[in-house]
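**Student:** Dropping the structure in here first, questions after.
The values are calculated or read from the model by the stated rules, or taken from the named source; none is laboratory data. Model, not experiment: these values are computed from the prediction. Methodologically, a virtual Cβ is constructed for each residue, glycine included, from the backbone with ideal geometry; neighbour enumeration extends over all protein chains shown. Keep in mind that these areas ignore ligands, DNA and RNA; they rest on the heavy atoms of the full protein, side chains included. Shrake-Rupley method; radii C 1.70, N 1.55, O 1.52, S 1.80 Å.
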Amino acid sequence: MGYGYGRVWGRTNWAARKPLPTPKLMVAKFAGTCKTCGTHIPVGTEILYKSGFGATHVSTEACATAKASAPAAPPAVVIEASPVIAFLNVAKANGLKYPKVRFAAPGGGELRLSIAGPTAKVPGSVNVVVRGEWLGRINPDGAVNGRNLTGNATLLALLAKIASDPARLAKEYGALTGNCSFCSKALTDAGSVEVAYGPICAKNWNLPHKPKGTPVIETAVAA
């Protein structure tokens with residue numbers, strides 16, 4: 001009776017013992033990246049292709065030639081971002097879970113900066129959002145990431161200006177729009193309008209705020 005069931009655990013897994021597919025010599029129909037050296041493979045390049053693995057150059061010599069002829073990487077874009085990172089972290093230390101600050105974007109609309117949380121790809125970096133679209137980030141070391149950001153000279157110049165004095169630029173945005181640069185709520189009392197942010201946000205961001213109340217216009221009455 002034992003022979004009828006057999007020993008499953010002792011069977012040979014022939015599927016696992018199948019030989020690996022042999023690389024095929026072909027001409028690349030699509031551009032790609034060599035799995036061996038990591039360089040670009042243009043259309044029309046002679047390659048070795050292995051199913052389940054991908055494409056490589058045909059030899060180590062071909063890899064070396066591709067590396068030698070690869071264009072140099074563009075210089076890294078760096079902004080001295082420590083002031084704006086410190087500015088955002090003040091609000092975080094004061095209890096704001098997701099601190100954000102708004103500025104006037106080039107061409108109109110809102111430029112919003114926020115600090116990346118601990119689960120983000122680069123914790124502590126600054127996310128850059130313009131008119132609701134994420135364009136990239138500024139890393140804690142100042143390196144700028146994001147094709148739509150690194151190639152925008154106008155925006156990079158503005159970010160460098162903001163980083164040098166974020167409180168002043170935030171105040172300018174609040175004065176321009178009539179809304180708080182931090183919570184985006186409408187400014188109502190004269191003191192908040194003057195400083196361009198409300199008293200609660202002033203406390204959260206360690207900024208001065210001197211409310212003056214609503215001014216009263218007096219008119220002379222003829223006796």
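**Student:** Which entries of Lys92/Lys210; Lys97/Lys121; Lys92/Lys121; Lys121/Lys171 have Cα-Cα distances beyond 28 Å here?
**Tutor:** Values: Lys92/Lys210 23 Å; Lys97/Lys121 17 Å; Lys92/Lys121 19 Å; Lys121/Lys171 30 Å.
Cα-Cα > 28 Å for Lys121/Lys171; rest within.
**Student:** Rounded to a whole number, what % of the accessible area of the range 66-131 do carbon and sulfur atoms account for, probe 1.4 Å?
**Tutor:** Details: 2160 of 3590 Å².
The computed percentage sits at 60.
**Student:** By a straight-distance test (C-alpha under 22 Å), which lysines pair with Lys24 as possible cross-link partners, with residues fewer than eight away in the same chain excluded?
**Tutor:** Lys35, Lys50
**Student:** Is the range 63-144 rounded, prolate or oblate when judged by the Cα gyration tensor, a ≥ b ≥ c being the square roots of its eigenvalues, rounded requiring a/c under 1.5 and prolate requiring a/b larger than b/c?
**Tutor:** prolate
**Student:** Rg (Å, one decimal) plus Dmax (Å, integer) for the alpha carbons of the range 72-218?
**Tutor:** Rg and Dmax of the range 72-218, Cα atoms, are 16.1, 70 Å.
**Student:** Does the range 59-100 come out rounded, prolate or oblate by the C-alpha gyration tensor, with a ≥ b ≥ c the root eigenvalues, rounded set by a/c under 1.5 and, if not, prolate when a/b is larger than b/c and oblate if not? It would help to have the intermediate numbers written out before the result.
**Tutor:** Details: a/c = 7.61, a/b = 3.58, b/c = 2.13.
The shape class here is prolate.
**Student:** Hey, if you put +1 on the Cβ of every Lys and Arg and -1 on every Asp and Glu Cβ in the range 68-210, which of Gly198, Gly146, Pro71 ends up farthest toward the positive end of that dipole?
**Tutor:** With unit charges placed on the Cβ atoms, the residue in question is Gly198.
**Student:** Rounded if a/c is under 1.5, else prolate if a/b is larger than b/c, else oblate: which is the range 15-114, with a ≥ b ≥ c the root eigenvalues of its Cα gyration tensor?
**Tutor:** Working: a/c = 3.45, a/b = 2.39, b/c = 1.44.
Judged from the Cα gyration tensor, the range 15-114 comes out prolate (a/c at least 1.5, a/b above b/c).
**Student:** If r is the Cβ-Cβ distance from Ala86 to Ala157 and R0 is 30 Å, what FRET efficiency results, to the nearest 0.05?
**Tutor:** Working: r = 21 Å, r/R0 = 0.70.
So the FRET efficiency works out to roughly 0.90.
**Student:** Using 1/(1 + (r/R0)^6) with R0 = 22 angstrom and r between the beta carbons of Tyr98 and Trp134, what's the FRET efficiency to the nearest 0.05?
**Tutor:** On the way: r = 14 Å, r/R0 = 0.65.
E between Tyr98 and Trp134, to the nearest 0.05, is 0.95.
**Student:** Continuing with this model, one more query. Where in the range 136-150 does the amide nitrogen come within less than 17 Å of the point 7 Å from the Cα of Ala31, taken along Cα to Cβ?
**Tutor:** So the set is 147-148.
**Student:** Kindly state, to the nearest 0.05, the FRET efficiency for Asp189 paired with Arg147, given R0 = 45 Å and r defined as their beta-carbon distance.
**Tutor:** Details: r = 43 Å, r/R0 = 0.96.
Once rounded, the FRET efficiency stands at 0.55.
**Student:** Compare the peptides 87-97, 155-165 by average per-residue count of other Cβ atoms within 10 angstrom and give them in order, highest first.
**Tutor:** Working: 87-97: 15.5, 155-165: 17.7.
Descending mean neighbour count gives 155-165, 87-97.
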